[in-house]
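See structure below.
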Amino acid sequence: MPGRRFTSPADFNEQFTDWLTKANARVVRTIKAAPADLVDADRAAMLALPPIPLHLGWGNKIRLGRDYYVRLDTNDYSVDPTVIGRMVDVAADLDRVRVRCEGRVVAEHPRVWARGTTITDPVHVETAAWLRKQYQQPRAVGTIGAGDDLARDLSDYDCAFGLLSDDEGAS
């Protein structure tokens, strides 16, 4: 809607309602009546809604990248970094953005209607820092006991390659 500014969905609905009140009271030349006068006839001609609930909102399934953010419209929402590399379900309605991994909610944020915004949960940043620190620390491959000696007698190799007999290597 060129020339109009909206601060939220509620603001849009309020402005739209004001406009509809005026527009629906005008007589439309093609139908030779005001739309507000024809509402009762239209409702009488409508079918009933289906018995199953309608799916409302937006949903997508994606693999969570290393930056642990999901994009909805032009905004980025942080997700628990422990699920990096796994498939997550992103669901949004007019008020909330929820991200689930295997049925467990791993992020929930209020929906932001501004454009190009990054929404970050401080807990997700702390978790990412902890995971990064754990990844950078060297891990022990195996434990060496106090009695283990890593130096081997070279005559053992000579015996293994047949250069010395076992009797000669034992001396």
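Within region 87-122, restricting attention to residues that are more than 13 Å from the chain's Cα centre (by Cα) and touching a residue at least 40 places away in the same chain (Cβ under 8 Å), the residue that is surrounded by the most Cβ atoms within 10 Å (Cβ to Cβ) is Trp113. Screening the candidates Ile84, Ile119 for the property of being of a type in the set (A, V, I, L, M), in contact with a His (Cβ under 6 Å, 6 or more places away or on another chain) and at pLDDT 90 or above yields one hit, Ile119. Is it the case that some residue within region 123-135 is within 13 Å of the chain's Cα centre (by Cα) and either free of Cβ contacts under 8 Å to residues at least 60 places away in the same chain or not in a loop (DSSP other than H, G, I, E, B) (or both)? There is at least one residue in region 123-135 that is within 13 Å of the chain's Cα centre (by Cα) and either free of Cβ contacts under 8 Å to residues at least 60 places away in the same chain or not in a loop (DSSP other than H, G, I, E, B) (or both). As for region 24-36, it holds no residue that is under 11 Å from the mean Cα position of the chain (by Cα) and closer than 30 Å to Thr7 by Cβ. Of the residues that make up region 33-53, is at least one within 30 Å of Arg132 (Cβ to Cβ) and either at pLDDT below 95 or among the β-branched types (Val, Ile, Thr) (or both)? Looking through region 33-53, none of the residues is within 30 Å of Arg132 (Cβ to Cβ) and either at pLDDT below 95 or among the β-branched types (Val, Ile, Thr) (or both). Among the residues of region 32-86, those that are assigned to a loop (DSSP other than H, G, I, E, B), among the β-branched types (Val, Ile, Thr) and either touching a residue at least 40 places away in the same chain (Cβ under 8 Å) or closer than 18 Å to Ala107 by Cα (or both) comprise Thr74, Val79, Ile84. List the residue pairs whose Cβ atoms are under 8 Å apart, where the first residue sits in region 1-24 and is outside the structural domain of Val112 (by TED's automatic domain parsing), the second is exposed (fewer than 12 other Cβ atoms within 10 Å of the Cβ), and the two are 6 or more positions apart or on different chains. Pairs that qualify, where the first residue is outside the structural domain of Val112 (by TED's automatic domain parsing) and the partner is exposed (fewer than 12 other Cβ atoms within 10 Å of the Cβ), are Gln15/Arg4. The single condition among (1) closer than 20 Å to Pro9 by Cα; (2) in a loop (DSSP other than H, G, I, E, B) that His109 does not satisfy is (2).
Residues being over 26 Å from Pro2 (Cβ atoms) and surrounded by 10 or more Cβ atoms within 10 Å (Cβ to Cβ) are represented in region 49-57 by at least one member.
For Arg63, the requirement of being charged (D, E, K, R) and modelled with pLDDT of 95 or more is met.
The values are calculated or read from the model by the stated rules, or taken from the named source; none is laboratory data. Here the structure is a predicted model, which means the values were calculated and not measured. With ideal geometry, Cβ positions are generated from the backbone for all residues, glycine too; neighbour counts draw on all protein chains shown.
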